[in-house]
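The values are calculated or read from the model by the stated rules, or taken from the named source; none is laboratory data. Worth saying up front: this structure is predicted, and the values here are computed from it rather than measured. Heads up, the Cβs are rebuilt from the backbone with ideal geometry, glycines too, and the neighbour counts pull from every protein chain shown. We work out accessible area using only protein heavy atoms, side chains counted, and drop any ligands, DNA or RNA first. Shrake-Rupley method; radii C 1.70, N 1.55, O 1.52, S 1.80 Å.
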Amino acid sequence: MASTIGHTAKVLRTSYQKSVAAYWDSEQAPVNLRLGEVDGLYHHHYGGPESTRDRRVIEELHRLETAQAEVLLDHLGSITAQYQLLDAGSGRGGTSFMAHQRFGCAVDGVTISEHQVGFANSQAGERGVADQVRFHFRNMLDTGLDTGSRRAVWTNETTMYVDLTELFGEFSRLLEYGGRYVCITGCYNDITGGRSKAVSRIDEHYTCNIHPRSTYFKALAANGLVPINVVDLTAQTIPYWELRAQSSVATGIEDPFLTAYTAYKEGSFHYLLIAADRT
Ligand code: SAH
(Lines give C-alpha, C1' and ligand atoms only; values in the text may rest on other atoms or scores of the structure.)
Protein backbone atom coordinates (compact mmCIF):
# COMPACT_ATOMS: atom_id res chain seq x y z
CA MET A 1 0.00 0.00 0.00
CA ALA A 2 1.43 3.37 -0.97
CA SER A 3 1.29 5.58 2.06
CA THR A 4 -0.26 8.99 2.10
CA ILE A 5 1.57 11.90 3.69
CA GLY A 6 -0.92 11.87 6.56
CA HIS A 7 -0.38 8.17 7.20
CA THR A 8 3.41 8.61 7.21
CA ALA A 9 3.14 11.43 9.73
CA LYS A 10 1.02 9.19 11.95
CA VAL A 11 3.43 6.23 11.82
CA LEU A 12 6.64 8.27 12.12
CA ARG A 13 5.77 10.43 15.08
CA THR A 14 9.13 11.91 15.99
CA SER A 15 12.23 13.04 14.12
CA TYR A 16 14.07 10.19 15.85
CA GLN A 17 11.62 7.66 14.38
CA LYS A 18 12.09 9.29 10.97
CA SER A 19 15.84 8.77 11.21
CA VAL A 20 15.41 5.11 12.28
CA ALA A 21 13.04 4.54 9.35
CA ALA A 22 15.52 6.20 6.97
CA TYR A 23 18.26 3.89 8.25
CA TRP A 24 16.21 0.74 7.58
CA ASP A 25 14.79 2.05 4.29
CA SER A 26 18.28 2.43 2.86
CA GLU A 27 19.93 -0.48 4.66
CA GLN A 28 21.48 -2.88 2.11
CA ALA A 29 24.22 -4.45 4.23
CA PRO A 30 25.54 -7.64 2.64
CA VAL A 31 25.33 -9.29 6.04
CA ASN A 32 21.54 -9.12 5.75
CA LEU A 33 21.07 -9.61 2.01
CA ARG A 34 23.71 -12.25 1.27
CA LEU A 35 22.66 -14.32 4.27
CA GLY A 36 19.00 -14.05 3.23
CA GLU A 37 19.84 -15.36 -0.22
CA VAL A 38 20.86 -18.68 1.34
CA ASP A 39 17.23 -19.83 1.58
CA GLY A 40 15.06 -16.73 1.22
CA LEU A 41 14.58 -16.06 4.95
CA TYR A 42 15.81 -12.56 5.66
CA HIS A 43 16.86 -11.66 9.20
CA HIS A 44 18.22 -8.57 10.86
CA HIS A 45 19.41 -10.06 14.04
CA TYR A 46 22.49 -11.90 15.20
CA GLY A 47 22.95 -15.05 16.54
CA GLY A 48 28.88 -14.22 -5.08
CA PRO A 49 31.26 -15.86 -2.67
CA GLU A 50 34.83 -15.75 -3.92
CA SER A 51 35.79 -18.94 -2.13
CA THR A 52 34.00 -21.94 -0.71
CA ARG A 53 35.23 -20.86 2.72
CA ASP A 54 33.37 -17.58 2.37
CA ARG A 55 30.24 -19.30 1.12
CA ARG A 56 30.35 -21.79 3.99
CA VAL A 57 30.89 -18.99 6.52
CA ILE A 58 27.87 -17.14 5.14
CA GLU A 59 25.75 -20.30 5.32
CA GLU A 60 26.85 -20.86 8.90
CA LEU A 61 26.02 -17.26 9.93
CA HIS A 62 22.60 -17.67 8.33
CA ARG A 63 22.08 -20.99 10.08
CA LEU A 64 22.88 -19.30 13.41
CA GLU A 65 20.44 -16.45 12.73
CA THR A 66 17.70 -18.93 11.85
CA ALA A 67 18.53 -20.96 14.99
CA GLN A 68 18.19 -17.77 17.04
CA ALA A 69 14.67 -17.22 15.66
CA GLU A 70 13.80 -20.88 16.40
CA VAL A 71 14.76 -20.31 20.05
CA LEU A 72 12.42 -17.33 20.15
CA LEU A 73 9.55 -19.36 18.64
CA ASP A 74 10.23 -22.22 21.10
CA HIS A 75 9.18 -19.82 23.88
CA LEU A 76 5.83 -18.71 22.44
CA GLY A 77 3.92 -21.54 24.18
CA SER A 78 1.42 -23.78 22.43
CA ILE A 79 0.21 -21.94 19.38
CA THR A 80 -2.41 -23.41 17.08
CA ALA A 81 -3.61 -22.35 13.65
CA GLN A 82 -6.58 -20.28 14.86
CA TYR A 83 -4.44 -17.78 16.75
CA GLN A 84 -3.13 -14.45 15.50
CA LEU A 85 0.44 -13.36 16.23
CA LEU A 86 2.33 -10.08 16.00
CA ASP A 87 5.97 -9.60 14.99
CA ALA A 88 6.76 -6.10 16.26
CA GLY A 89 9.58 -4.49 14.29
CA SER A 90 9.45 -7.20 11.64
CA GLY A 91 12.35 -6.19 9.36
CA ARG A 92 12.41 -8.19 6.15
CA GLY A 93 10.10 -10.75 7.73
CA GLY A 94 12.31 -13.79 8.43
CA THR A 95 10.91 -14.62 11.88
CA SER A 96 7.28 -14.06 10.73
CA PHE A 97 7.59 -16.62 7.92
CA MET A 98 9.16 -19.13 10.26
CA ALA A 99 6.31 -18.66 12.76
CA HIS A 100 3.67 -19.20 10.09
CA GLN A 101 5.50 -22.26 8.81
CA ARG A 102 5.73 -23.72 12.30
CA PHE A 103 2.26 -22.93 13.68
CA GLY A 104 0.12 -22.49 10.57
CA CYS A 105 -1.45 -19.35 12.00
CA ALA A 106 -1.83 -15.78 10.78
CA VAL A 107 1.02 -13.39 11.52
CA ASP A 108 1.07 -9.63 11.21
CA GLY A 109 4.38 -7.79 11.11
CA VAL A 110 4.80 -4.06 11.67
CA THR A 111 7.82 -1.92 10.84
CA ILE A 112 8.40 1.78 10.35
CA SER A 113 10.43 1.12 7.20
CA GLU A 114 8.21 1.27 4.11
CA HIS A 115 10.98 -0.36 2.14
CA GLN A 116 10.90 -3.38 4.46
CA VAL A 117 7.10 -3.58 4.27
CA GLY A 118 7.29 -3.80 0.48
CA PHE A 119 10.15 -6.30 0.55
CA ALA A 120 8.49 -8.59 3.11
CA ASN A 121 5.06 -8.47 1.44
CA SER A 122 6.56 -9.47 -1.89
CA GLN A 123 8.33 -12.35 -0.12
CA ALA A 124 4.93 -13.36 1.29
CA GLY A 125 3.56 -13.37 -2.27
CA GLU A 126 6.43 -15.48 -3.57
CA ARG A 127 5.95 -17.93 -0.74
CA GLY A 128 2.20 -18.12 -1.43
CA VAL A 129 1.28 -17.02 2.11
CA ALA A 130 0.19 -13.41 1.47
CA ASP A 131 -3.28 -14.09 2.93
CA GLN A 132 -1.71 -15.34 6.20
CA VAL A 133 1.47 -13.32 6.71
CA ARG A 134 1.00 -9.58 6.27
CA PHE A 135 3.34 -6.68 6.82
CA HIS A 136 2.20 -3.17 7.64
CA PHE A 137 3.77 0.26 7.69
CA ARG A 138 2.84 0.97 11.30
CA ASN A 139 4.42 2.02 14.55
CA MET A 140 4.67 -0.75 17.14
CA LEU A 141 3.82 1.81 19.84
CA ASP A 142 0.45 2.30 18.21
CA THR A 143 -0.33 -0.65 15.94
CA GLY A 144 -4.03 0.02 15.39
CA LEU A 145 -4.65 -3.75 15.76
CA ASP A 146 -7.63 -4.92 17.81
CA THR A 147 -7.46 -5.06 21.61
CA GLY A 148 -7.00 -8.63 22.90
CA SER A 149 -6.56 -9.97 19.37
CA ARG A 150 -3.11 -11.57 19.87
CA ARG A 151 -2.17 -14.87 21.45
CA ALA A 152 1.49 -13.97 21.21
CA VAL A 153 3.64 -10.97 20.41
CA TRP A 154 7.39 -10.92 19.96
CA THR A 155 10.19 -8.47 19.39
CA ASN A 156 13.38 -9.79 17.85
CA GLU A 157 15.98 -7.07 18.44
CA THR A 158 13.68 -4.10 18.13
CA THR A 159 13.08 -2.86 21.68
CA MET A 160 16.19 -0.64 21.68
CA TYR A 161 14.37 1.78 19.39
CA VAL A 162 11.53 2.72 21.74
CA ASP A 163 10.41 3.59 25.23
CA LEU A 164 9.69 0.28 26.96
CA THR A 165 6.82 1.41 29.15
CA GLU A 166 4.98 2.71 26.11
CA LEU A 167 5.78 -0.42 24.10
CA PHE A 168 4.71 -2.92 26.75
CA GLY A 169 1.55 -0.87 27.33
CA GLU A 170 0.63 -1.46 23.69
CA PHE A 171 1.52 -5.19 23.90
CA SER A 172 -0.53 -5.57 27.05
CA ARG A 173 -3.50 -4.09 25.20
CA LEU A 174 -3.01 -6.40 22.20
CA LEU A 175 -2.53 -9.65 24.12
CA GLU A 176 -5.41 -11.75 25.35
CA TYR A 177 -5.38 -12.84 28.99
CA GLY A 178 -2.73 -15.59 29.30
CA GLY A 179 -1.11 -14.57 26.02
CA ARG A 180 2.66 -14.60 25.74
CA TYR A 181 5.21 -11.92 24.96
CA VAL A 182 8.74 -12.97 23.96
CA CYS A 183 11.62 -10.54 23.64
CA ILE A 184 15.15 -11.16 22.41
CA THR A 185 17.34 -8.17 23.00
CA GLY A 186 20.71 -6.81 23.92
CA CYS A 187 20.65 -4.84 27.14
CA TYR A 188 23.37 -3.30 29.22
CA ASN A 189 24.41 -4.58 32.58
CA ASP A 190 23.21 -2.59 35.61
CA ILE A 191 25.89 -4.30 37.69
CA THR A 192 28.89 -3.01 35.73
CA GLY A 193 27.50 0.50 35.88
CA GLY A 194 26.28 2.72 33.07
CA ARG A 195 26.53 2.45 29.33
CA SER A 196 30.07 1.37 28.38
CA LYS A 197 31.95 2.81 25.41
CA ALA A 198 31.40 -0.37 23.41
CA VAL A 199 27.63 -0.21 24.10
CA SER A 200 27.61 3.46 23.03
CA ARG A 201 29.30 2.48 19.77
CA ILE A 202 26.57 -0.09 19.12
CA ASP A 203 23.92 2.58 19.82
CA GLU A 204 25.60 4.92 17.41
CA HIS A 205 25.98 2.28 14.70
CA TYR A 206 22.27 1.37 14.70
CA THR A 207 20.87 4.78 15.79
CA CYS A 208 19.35 3.01 18.76
CA ASN A 209 19.25 3.45 22.50
CA ILE A 210 20.10 0.23 24.34
CA HIS A 211 18.26 -0.02 27.65
CA PRO A 212 19.62 -1.32 30.93
CA ARG A 213 18.49 -4.81 31.95
CA SER A 214 16.49 -3.42 34.91
CA THR A 215 14.27 -1.26 32.68
CA TYR A 216 12.87 -4.36 30.96
CA PHE A 217 11.62 -5.89 34.18
CA LYS A 218 10.22 -2.64 35.55
CA ALA A 219 8.34 -1.93 32.34
CA LEU A 220 6.99 -5.50 32.10
CA ALA A 221 5.75 -5.42 35.70
CA ALA A 222 4.17 -2.01 35.18
CA ASN A 223 2.10 -3.46 32.33
CA GLY A 224 0.88 -6.74 33.86
CA LEU A 225 3.42 -8.85 31.95
CA VAL A 226 4.85 -11.50 34.29
CA PRO A 227 8.11 -13.24 33.30
CA ILE A 228 8.01 -17.03 33.05
CA ASN A 229 11.46 -17.50 31.51
CA VAL A 230 14.62 -15.45 31.31
CA VAL A 231 17.47 -16.98 29.32
CA ASP A 232 20.91 -15.44 29.12
CA LEU A 233 21.98 -16.16 25.54
CA THR A 234 25.19 -14.11 25.74
CA ALA A 235 27.64 -17.04 25.77
CA GLN A 236 25.77 -18.71 22.90
CA THR A 237 25.89 -15.64 20.67
CA ILE A 238 29.65 -14.98 20.97
CA PRO A 239 30.66 -17.61 18.33
CA TYR A 240 28.36 -15.86 15.83
CA TRP A 241 30.19 -12.56 16.33
CA GLU A 242 33.62 -14.21 16.26
CA LEU A 243 32.82 -15.89 12.96
CA ARG A 244 31.24 -12.76 11.51
CA ALA A 245 34.29 -10.67 12.47
CA GLN A 246 36.37 -12.88 10.15
CA SER A 247 33.87 -13.01 7.29
CA SER A 248 33.49 -10.97 4.11
CA VAL A 249 30.21 -9.54 5.44
CA ALA A 250 31.70 -7.96 8.59
CA THR A 251 30.40 -4.40 9.07
CA GLY A 252 32.89 -3.18 11.68
CA ILE A 253 30.47 -3.39 14.62
CA GLU A 254 31.65 -6.92 15.50
CA ASP A 255 34.46 -5.77 17.84
CA PRO A 256 32.25 -3.57 20.04
CA PHE A 257 29.82 -6.52 20.40
CA LEU A 258 32.64 -8.88 21.35
CA THR A 259 34.17 -6.38 23.76
CA ALA A 260 30.83 -5.70 25.43
CA TYR A 261 29.65 -9.33 25.60
CA THR A 262 32.78 -11.06 26.81
CA ALA A 263 33.14 -11.18 30.55
CA TYR A 264 36.94 -11.16 30.36
CA LYS A 265 36.78 -7.85 28.50
CA GLU A 266 33.74 -5.97 29.83
CA GLY A 267 30.64 -8.04 30.51
CA SER A 268 28.78 -4.76 30.10
CA PHE A 269 26.17 -6.21 27.76
CA HIS A 270 23.86 -9.22 27.80
CA TYR A 271 21.94 -10.95 25.07
CA LEU A 272 18.69 -11.95 26.78
CA LEU A 273 15.51 -13.80 25.99
CA ILE A 274 12.57 -12.84 28.18
CA ALA A 275 9.20 -14.60 27.98
CA ALA A 276 6.29 -13.11 29.92
CA ASP A 277 2.61 -13.85 30.32
CA ARG A 278 -0.18 -11.30 30.13
CA THR A 279 -2.11 -11.32 33.39
N1 SAH B 1 12.86 -8.36 13.94
C2 SAH B 1 13.56 -8.29 12.67
C3 SAH B 1 14.20 -6.91 12.41
C4 SAH B 1 15.13 -6.37 13.48
S5 SAH B 1 15.88 -4.82 12.98
C6 SAH B 1 14.57 -9.42 12.57
O7 SAH B 1 14.86 -10.07 13.58
O8 SAH B 1 15.08 -9.68 11.47
C9 SAH B 1 14.91 -3.59 13.85
C10 SAH B 1 13.52 -3.35 13.25
O11 SAH B 1 12.78 -2.51 14.14
C12 SAH B 1 13.50 -2.65 11.89
O13 SAH B 1 12.62 -3.38 11.06
C14 SAH B 1 12.89 -1.27 12.19
O15 SAH B 1 12.15 -0.71 11.13
C16 SAH B 1 11.97 -1.64 13.35
N17 SAH B 1 11.50 -0.52 14.19
C18 SAH B 1 12.23 0.42 14.86
N19 SAH B 1 11.42 1.27 15.51
C20 SAH B 1 10.14 0.86 15.28
C21 SAH B 1 8.84 1.33 15.68
N22 SAH B 1 8.71 2.38 16.47
N23 SAH B 1 7.75 0.66 15.22
C24 SAH B 1 7.88 -0.42 14.41
N25 SAH B 1 9.07 -0.90 13.99
C26 SAH B 1 10.19 -0.28 14.42
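Just a few scattered comments:
- Qualifying position, being in contact with a Leu (Cβ under 9 Å, 6 or more places away or on another chain), more than 10 Å from the ligand (Cβ to nearest atom) and among the small types (G, A, S), among S122, S96, S149: S149
- In the stretch 92-111, the residues that are over 28 Å from T8 (Cβ atoms) form Cβ pairs under 9 Å with partners that are within 15 Å of the ligand (Cβ to nearest atom) and at pLDDT below 95, at six or more places apart or across chains, as follows: M98/L41.
- Test for E157: is it open to solvent by 50 Å² or more (accessible area, probe 1.4 Å) and acidic (D, E): no
- Scanning the stretch 229-246 for residues that are assigned to a strand (DSSP E or B) and of a type outside the set (D, E, K, R) gives N229, V230, V231.
- Candidates V249, V226, V199, V182 - the one that is part of a strand (DSSP E or B) and surrounded by 14 or more Cβ atoms within 10 Å (Cβ to Cβ): V182
- Checking D74 against (1) open to solvent by 30 Å² or more (accessible area, probe 1.4 Å); (2) within 10 Å of the ligand (Cβ to nearest atom); (3) among the acidic types (D, E), the condition it does not meet: (2)
- Count of the stretch 7-41 residues, restricted to those that are open to solvent by 60 Å² or more (accessible area, probe 1.4 Å), farther than 22 Å from T143 by Cβ and part of a helix (DSSP H, G or I), is 2.
- Residue check for A130: within 15 Å of the ligand (Cβ to nearest atom) and open to solvent by 10 Å² or more (accessible area, probe 1.4 Å): no
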